Amino acid sequence: MIDISLVQRIIEEEISPDFEIHEYFDTKPFVIIFWKHKEYDIDDERGQVVGPGPVIFDKQKNEYRLLGSGEWFYGDYADLLEPSEEDIQHRQDYDYLMGLLDGKENDKPRTDLLIEKIKQKIVKRQYVNTEEIDFLSILTGARRMENEIDGTFDIKREAGRNNALRLVFNHIAARQKLIEIWKEIGFRHEEISDTELILWKIKTGN
C-alpha cells in the first residue's frame, strides 16, 4: 500500500497544489502513481503539464520520487505496464490520422466514426483541445501534408482571444464540414473570408 499523504504532498510541492492522485499500478519493482488536475478531466489540455511524469515508489530503495516525462517514456518504467484496449485503439486512430495527413486513402466510415468520437469528448468536457482541432482538420480534409508544404494550410492563435484559433485553408467542402461540426457541438465559429475560419474552443454566446 502506498503512503497516500506523502504522494499527494510530492505532487503538490513538485507539480502544483491543483493536482491530485488519479490512479496507481503495482508492478514488481515499482508502484507507479499517476496524477491529474483536480478540476479538469484527464484528457483536457487545460489540466496537463509538460515536464513531469508519474510518481514512483521504488520498492528496493523504499523511496518515492517524481519522474520526468522523458525518464518515464524513454526509460524502463513505461514498459512495465501493459497497454490498455483504449491505449491500443488510440494508437491505431492516431496512425490512421497520420496516414490521412500523408495522403493515404480515406476510409469514410472510419473517418465519420472518429469525428463522432471527438465530438462526444468535446461535448462531455465542454472544451475543444487544440489537438482536436488539428485532428478534425485532417479528418475533414482541410489539412494534408501537401497543403503544409505549399503553405495553403495554417492554424494560428487568434490575437486577443485565448480560446479561439484561426484556420487558414482553401478547401470548400472541408470548410463546410468544420462549420457543421461546430454547429452540432454548439460552439461559436466565425467566417472571416473564403479561406479563413475562426473556431472557438469554449462555449460562448453566438
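Every number here is computed from the coordinates shown, using simple stated rules; none is lab data. Just so it is clear, the structure is predicted and the values come from calculations on it, not from any experiment. Here the Cβ is made from the backbone with ideal geometry for all residues, glycine too, and neighbour counts use every protein chain on show.
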The size of the Cβ-based charge dipole (Lys, Arg +1; Asp, Glu -1) of segment 4-80 about the Cα centre, to the nearest 20 debye, is 340 debye
Counting other Cβ atoms within 10 Å of each Cβ, which GluC sites (Glu not before Pro) in segment 95-142 have at most 10 and sit in a DSSP loop?
-> E105
Stretch gain in nm, segment Y40-A78, where the contour uses 0.36 nm per residue and the Cα spacing is subtracted = 11.3 nm
Cα→Cβ-extended label distance, 7 Å offset, between E12 and V123, nm = 3.8 nm
In a shell of Cβ-Cβ distance under 14 Å around R125, excluding R125 itself, what net charge do Lys and Arg (+1) and Asp and Glu (-1) give?
-> +1
What's the extension gain from Q89 to E180 if we count 0.36 nm per residue and subtract their Cα-Cα distance?
-> 30.1 nm
Given the Cα-Cα distance of S69 and M145 and 0.36 nm per residue of separation, how much length would full extension add, in nm?
-> 24.5 nm
Net charge over other residues, Cβ less than 13 angstrom from the Cβ of Y96 (K, R count +1; D, E count -1) | -1
With the charge dipole of the chain built from beta-carbon charges (+1 for Lys and Arg, -1 for Asp and Glu) about the Cα centre, the Cα from L6, W35, N162 projecting farthest to the positive end belongs to N162
For the residue pair K203 and D102, what label-to-label distance in nm results when each label sits 7 Å from Cα along the Cα-to-beta-carbon direction?
-> 3.9 nm
If every Lys and Arg gets +1 and every Asp and Glu gets -1 at its Cβ, then about the Cα centre the chain yields a dipole, in debye to the nearest 20, of 660 debye
So how strong a dipole does segment 85-200 carry about its Cα centre when Lys and Arg Cβ are +1 and Asp and Glu Cβ are -1, to the nearest 20 debye?
-> 460 debye
At what distance in nm do the modelled label points of D26 and D154 sit from each other, each positioned 7 Å from its Cα along Cα→Cβ?
-> 5.5 nm
